[in-house]
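Heads up: the structure comes next, in structure tokens.
The values are calculated or read from the model by the stated rules, or taken from the named source; none is laboratory data. This one's a predicted model, so the numbers in the text were calculated from it and none came from an experiment. Cβ sites come from the backbone with ideal geometry, for glycine too, and all protein chains shown count toward neighbours.
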Amino acid sequence: MSVLVVGTVAFDDIETPFGRAERVIGGAGTYIAWSSTFIHPSANIVSIIGGDFPKEELAMMNARGIDTTGIEIVEDKKSFFWAGKYHDNMNKRDTITTELNVLADFDPVLPEAYQDDEVLMLGNLTPEIQIKVMDQMKKRPKVIILDTMNFWMDVAMDTLKEAISRVDILTINDEEARQLSGEYSLVNAAEAIHKMGPKYLIIKKGEHGALLFGEDKIFVAPALPIAQVKDPTGAGDCFAGGLSGYLAESGELSFEAVKTGIIYGSTMASYCVEEFSLGKLKQLDEMMIKERLQTFKDITSFSI
């Protein structure tokens, strides 16, 4: 199955207790697409950038197996830019600057070659854009995954619920699950969210792993303890990329497939945080991924 990624391609300015990276490559779509192609060999991406985005970065995406035909380039405008600063515990961050630039006019049009893709990964964009993309598919993809955030719950809840009603897998964090459902217990929150449409709910808990709810089952996935986390930016998107890449590679949508996809996603996220921006992803190879997958297996294996 092929993967279609819809999300931002952007510049970031990031400060953490371990340093600062100025005007580096970021964006949810960037991280998702890069991550997915380590699991499944190709991905298509739909996004928008300004004329300031480095052409060599697009070339590197192409070399990675990412088709960038769907990235609109507005030569006389600037790319989306975000700047943030992380606190000492790395779980909280402050947004310093958000400059929408070309993203303010993003009106995605899917190339015809993308309209038959079988795995659709909708990054954290406005619910209106997510719906518009789904409407442009020639037929319903076999797997639709949607990522969102509490901001859209604050300003566009009705439209967000419409988008959520059309997907197979929803990925959000625990705070967002509680806000979306109105339930504090994550078990009750999952039950309420399932009634909105998604068959599977993945609740991301950062350094504490992730929870999967679906088919009246629960799976708890750990996060790999990392000696030094330099930059958490993009970790959740790399998680989504590993998940969508695995589901495309397996050609299956089931509780067991999503479970395995979560481990692949966690593996990609664990590498992402070790360097700023795409630094670690650009160093990865197949053997490194296999070794870390084995580590995940080892730390979760036990007998009674």
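On inspection, M90 passes the criterion of being surrounded by fewer than 20 Cβ atoms within 10 Å (Cβ to Cβ), touching a residue at least 40 places away in the same chain (Cβ under 8 Å) and closer than 24 Å to T16 by Cβ.
Which members of segment 222-234 meet the condition of being without any contact (Cβ under 8 Å) to a residue 60 or more places away in the chain and buried (at least 17 other Cβ atoms within 10 Å of the Cβ)? Even if it seems obvious, please write down each step before you answer.
Step one: of segment 222-234, the residues without any contact (Cβ under 8 Å) to a residue 60 or more places away in the chain are 223, 225-227.
Answer for segment 222-234, where residues must be without any contact (Cβ under 8 Å) to a residue 60 or more places away in the chain and buried (at least 17 other Cβ atoms within 10 Å of the Cβ): just A223.
Scanning segment 263-272 for residues that are surrounded by fewer than 24 Cβ atoms within 10 Å (Cβ to Cβ) and in contact with a strand residue (DSSP E or B) (Cβ under 7 Å, 6 or more places away or on another chain) yields one hit, I263.
Set side by side, the residues T233, T267 differ, and just one is over 20 Å from F11 (Cα atoms) and in contact with a Lys or Arg (Cβ under 9 Å, 6 or more places away or on another chain), which is T267. Annotation note: Cβ proximity below 8 Å between a residue of segment 261-289 that is more than 25 Å from G251 (Cβ to Cβ) and a residue that is among the polar types (S, T, N, Q) and part of a helix (DSSP H, G or I) (sequence gap 6+ or interchain) occurs for C272/S35; E275/Q283; L278/T30. Count of segment 137-151 residues, restricted to those that are in contact with a strand residue (DSSP E or B) (Cβ under 7 Å, 6 or more places away or on another chain) and of a type in the set (S, T, N, Q), is 1.
Check S36, S42, S47 and return the single one that is within 25 Å of V229 (Cβ to Cβ) and in contact with a Ser or Thr (Cβ under 9 Å, 6 or more places away or on another chain).
Values: S42 fails: within 25 Å of V229 (Cβ to Cβ); S47 fails: within 25 Å of V229 (Cβ to Cβ).
The conditions single out S36.
Within segment 144-182, being surrounded by 20 or more Cβ atoms within 10 Å (Cβ to Cβ) and farther than 19 Å from A28 by Cα holds for D168, A177, L180, S181.
In segment 170-266, which helices (runs of 4 or more DSSP H) lie fully inside it and hold 2 or more residues that are hydroxyl-bearing (S, T, Y)?
Values: elements: 174-181, 186-194, 235-250.
The helices (runs of 4 or more DSSP H) meeting that bar are 235-250.
The test for being within 29 Å of L100 (Cα to Cα), crowded, with 22+ Cβ neighbours inside 10 Å and under 15 Å from the mean Cα position of the chain (by Cα) does not hold for T126. For segment 128-166, the tally of residues that are free of Cβ contacts under 8 Å to residues at least 60 places away in the same chain, out of contact with any Phe, Trp or Tyr (no Cβ under 6 Å at 6 or more places or on another chain) and in a helix (DSSP H, G or I) stands at 19.
Please work out if Y271 is at pLDDT 95 or above, closer than 24 Å to G84 by Cα and not β-branched (V, I, T). Steps first, answer last, please.
Values: at pLDDT 95 or above: yes; closer than 24 Å to G84 by Cα: yes; not β-branched (V, I, T): yes.
For Y271, the condition - at pLDDT 95 or above, closer than 24 Å to G84 by Cα and not β-branched (V, I, T) - is met.
Inspect all residues belonging to segment 99-117 and state whether any of them is in a loop (DSSP other than H, G, I, E, B) and closer than 17 Å to G245 by Cα. Yes, segment 99-117 has at least one match.
Might you check whether a residue that is closer than 29 Å to P141 by Cα and of a type in the set (S, T, Y) occurs anywhere in segment 227-240? Before you say what the answer is, go through the steps one by one.
Of all residues in segment 227-240, those closer than 29 Å to P141 by Cα come to 233-240.
From what's left, of a type in the set (S, T, Y): 233.
Yes: one or more hits.
Within segment 199-213, does at least one residue satisfy the condition of being surrounded by fewer than 17 Cβ atoms within 10 Å (Cβ to Cβ) and more than 19 Å from the chain's Cα centre (by Cα)? Within segment 199-213, not a single residue is surrounded by fewer than 17 Cβ atoms within 10 Å (Cβ to Cβ) and more than 19 Å from the chain's Cα centre (by Cα).
Residues in segment 26-50 that are surrounded by fewer than 24 Cβ atoms within 10 Å (Cβ to Cβ) and out of contact with any Asp or Glu (no Cβ under 8 Å at 6 or more places or on another chain): T37, P41.
Evaluate segment 161-173: report whether one residue or more is more than 15 Å from the chain's Cα centre (by Cα), more than 25 Å from L4 (Cα to Cα) and either among the aliphatic types (A, V, I, L, M) or modelled with pLDDT of 95 or more (or both). No, because not a single residue in segment 161-173 is more than 15 Å from the chain's Cα centre (by Cα), more than 25 Å from L4 (Cα to Cα) and either among the aliphatic types (A, V, I, L, M) or modelled with pLDDT of 95 or more (or both).
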